[in-house]
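Structure first, then comments.
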C-alpha cells in the first residue's frame, strides 16, 4: 500500500470538507424551502382570519344598530340600521355582479369564475 504524501492528505482533507459543506448547503436549502412554504400558508391563513374578524365586527355593528332601532323605533335609528345592513351585505357579497361570489341553482354560493355572467341567487339579479 503506497504511503500518502502530505500534499495528498491535505487535498484529501480539503475535498472531504468541501463535500460535507455541499451536503450542509443542500440540507439548509431544503429547510429554507419548507420554512418558506409554511410562511406562505401562514400568510394566507392570517389574511383569512383578518377578513373574518372584519366581517364579525360588521355583523356586531349591524346587530347593535338593528337592536337600537327595535328598542327605539325612530326613523334615524331605522336609517342607521338599514345603512349598517347594506354595508354588511356589501361586505358579504363583494361585487355581487362582478368578481364576488355567485350561487348555484340550489342557492349555494360558489366562487365567481371570471368571464361568466352572474345569474344571481334565488331570484336575485
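Here is a check on your reading of the model: is residue 51 closer than 27 Å to residue 85 by Cα, part of a helix (DSSP H, G or I) and without any contact (Cβ under 8 Å) to a residue 24 or more places away in the chain? Answer is yes for this residue. Would you check if residue 70 is farther than 27 Å from residue 94 by Cβ, touching a helix residue (DSSP H, G or I) at 6+ places or on another chain (Cβ under 9 Å) and free of Cβ contacts under 8 Å to residues at least 12 places away in the same chain? For residue 70, the condition - farther than 27 Å from residue 94 by Cβ, touching a helix residue (DSSP H, G or I) at 6+ places or on another chain (Cβ under 9 Å) and free of Cβ contacts under 8 Å to residues at least 12 places away in the same chain - is met.
When you look at residue 32, is it free of Cβ contacts under 8 Å to residues at least 24 places away in the same chain, closer than 16 Å to residue 89 by Cβ and over 14 Å from the mean Cα position of the chain (by Cα), yes or no?
Values: free of Cβ contacts under 8 Å to residues at least 24 places away in the same chain: yes; closer than 16 Å to residue 89 by Cβ: no; over 14 Å from the mean Cα position of the chain (by Cα): yes.
So residue 32 fails the test.
Within segment 1-13, track down each residue that is part of a helix (DSSP H, G or I) and surrounded by 10 or more Cβ atoms within 10 Å (Cβ to Cβ). Passing the criteria: 8, 9, 10, 11, 12, 13.
Where a number appears in this text, it was derived from the coordinates with a stated rule and is not lab data. The shown structure was predicted, so the numbers you read here are calculated from the model rather than taken from an experiment. Methodologically, a virtual Cβ is constructed for each residue, glycine included, from the backbone with ideal geometry; neighbour enumeration extends over all protein chains shown.
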